[in-house]
Amino acid sequence: MHTFDAVAADRVIADLRGLAALTSTPDGAQRVAWGPVWSKARGWLRDALSPLQLVPVADAAGNNWVTLPGESEKTVIVGGHLDSVPNGGWLDGTLGVLVGLEALRRYATGSKPPVTLRLVDWADEEGARFGKSLMGSAAAAGRLDINEIRPLKDAKGVRLEDALRDHGVSLETMMNARKELGGIDARAYLEMHIEQGPVLESMNKSAGVVLGTFGLERNMLRFVGQAAHSGSTPIPMRRDAFLAAAAFALECREIARRHSKPGAGVVCTCGVVKVEPGIVTAVPGVAEISIDQRALDRDVLATMLREAQEASRRFAQENNVTVEWSPLFRIEPRPFDPHLLQLCEESVREITGDAPKLPSGPLHDAAEMVPHMPVVMLFAYSARGLSHCKEEDTPEEHLEQAISAFLLLVDKTVASVAQS
Ligand SMILES: [Zn+2]
């Protein structure tokens with residue numbers, strides 16, 4: 001069993017910096033999925049694997065799989081994504097892939113590993129260009145709705161279908177990516193990612209055990225009243241749609257506070273507000289407001305949604321307006337595997353002396369794997385909680401510790417799966 005391995009950790013960090021130098025501008029990382037810089041990043045990975053005599057093989061959805069056969073067909077998968085948002089950071093996604101590369105290096109030299117190891121570089125985790133995140137992993141999980149993504153276009157009007165075709169992926173056959181998991185004996189999926197939040201930093205901890213990914217309920221509400229002149233309409237006679245939306249937004253914060261427990265960190269966010277007619281001299285007749293609610297516990301999430309619905313009707317009534325809800329997106333909570341959580345906790349504790357546990361607010365490819373096999377994630381400290389920007393960072397001493405903890409988790413998982 002390996003313990004803290006500064007050489008391996010520093011090699012991963014050097015790889016991360018090398019890849020960032022190759023795929024960034026002064027504004028940050030530019031590895032947007034289905035674009036030329038993304039292809040360059042994937043070419044970099046191909047080159048990095050060639051000394052190991054390993055070659056990435058694309059599935060029907062454009063996910064790249066690297067297989068290191070072991071004594072047994074029982075398989076441990078390590079995943080991440082090389083794609084970034086425009087002007088992104090050097091760690092989001094790439095950390096997972098490059099620590100997986102290092103794990104392969106460790107097992108590719110020397111005798112055959114006891115179980116088969118696979119590295120997957122998911123295609124289009126971010127959804128930055130076409131608005132559909134987790135595209136590759138959702139296809140592999142059999143959960144992608146082709147008809148839903150078929151009409152998608154990017155900001156320049158390029159059709160998703162054409163962008164995919166340029167990278168050898170056909171909308172008609174991309175669901176064949178399901179075969180990738182169907183044909184193997186997958187026993188564990190491990191993913192390392194930066195936290196993208198301030199929790200580990202606030203505790204000054206290098207690494208944390210991720211309990212699962214939040215379930216999500218995302219809806220758009222439309223309050224409709226009556227636009228009217230701001231000078232001539234007395235307050236009691238107004239039907240101000242924005243006031244209902246504003247009261248709703250404040251109540252959403254209270255809903256999140258009511259259901260928060262230490263470590264559970266439930267959240268509600270009203271991120272979009274659109275008011276009509278949108279002129280300074282008119283009472284708003286229409287207000288659209290979005291609500292994004294997340295929780296790790298299914299029942300808590302359902303309660304939060306119900307409470308938000310009730311609150312919206314109450315504020316609509318109080319302001320003499322109507323309200324309608326339209327669903328935008330939802331995802332079930334995906335709690336991770338208890339046994340892998342235990343191995344992750346041991347690994348983080350052995351390397352860093354403590355093992356904080358936290359849920360994941362952002363979605364990750366790992367969530368798509370939960371119905372298919374035991375899954376766990378490990379988070380690394382995120383400086384100032386920033387991600388999706390060029391300031392995204394993890395101080396080197398924390399990154400070294402977190403990488404070592406993850407490599408130890410791979411070792412523990414391989415040993416555990418070999419014995420099962
Ligand atoms: Zn990511």
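Here, each number is a calculation from the coordinates, and none is a lab measurement. Predicted, not measured: the structure shown is a model, and the values here were computed from it. All Cβ positions, even for glycine, are placed from backbone atoms using ideal geometry, and neighbour counts span all protein chains on display.
Numbers for the structure displayed
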{"quantity": "Longest segment of the chain lacking GluC sites (Glu not before Pro) that sit in a DSSP loop with at most 15 other Cβ atoms within 10 Å", "calculated": "173-390"}
{"quantity": "Histogram of C-alpha separations across the range 261-409, 10 Å bin width, %", "calculated": "9, 27, 29, 18, 11, 5, 0"}
{"quantity": "Residue-averaged [θ]222 nm for the chain, counting only DSSP H segments that reach four residues, each worth -39500 (n - 2.57)", "calculated": "-11500 deg cm²/dmol"}
{"quantity": "Cα-based shape type of the range 177-245, given that a ≥ b ≥ c are square roots of the gyration tensor eigenvalues and the cut on a/c is 1.5", "calculated": "oblate"}
{"quantity": "Anisotropy class of the range 1-69 from Cα gyration tensor, a/c 1.5 cut", "calculated": "oblate"}
{"quantity": "Relative contact order for the range 290-420, counting Cα pairs under 8 Å that sit 6 or more residues apart, in percent", "calculated": "24"}
{"quantity": "Relative contact order (%) - criterion: Cα under 8 Å, at least six apart; region: the range 19-80", "calculated": "17"}
{"quantity": "Lysines whose Cα lies under 26 Å from that of LYS205, excluding same-chain neighbours fewer than 8 positions away", "calculated": "LYS261, LYS357, LYS390, LYS412"}
{"quantity": "Low-density loop cleavage sites - trypsin sites (Lys or Arg not before Pro) in the range 119-162, where at most 11 other Cβ are within 10 Å (DSSP)", "calculated": "LYS156"}
{"quantity": "Degrees separating the helix 94-108 axis from the principal Cα axis of the chain, which is the longest one", "calculated": "20"}
{"quantity": "Cα gyration tensor, the range 122-223 - rounded (a/c under 1.5), prolate or oblate", "calculated": "oblate"}
{"quantity": "Angle in degrees between helix 298-318 and the longest Cα principal axis of the chain, rounded to the nearest 10", "calculated": "20"}
{"quantity": "Residues with amide H under 5 Å from that of ALA282, placed H, sequence gap 5 or more", "calculated": "SER230"}
{"quantity": "Rel. contact order, % - alpha carbon contacts under 8 angstrom, at least six apart, the range 122-178", "calculated": "31"}
{"quantity": "Volume per residue of the C-alpha convex hull in the range 46-157, rounded to whole Å³", "calculated": "108"}
{"quantity": "Relative counts (whole %) of C-alpha pair distances in the chain, using bins that are 10 Å wide", "calculated": "5, 21, 29, 24, 13, 6, 2, 0, 0"}
{"quantity": "Unmatched cysteines, the chain - criterion: no other Cβ of a Cys under 4.7 angstrom", "calculated": "CYS270, CYS344, CYS389"}
{"quantity": "Residue with peak Gaussian network fluctuation, the chain [Cα springs, cutoff 10 Å], from GLY93, GLY225, GLY385", "calculated": "GLY225"}
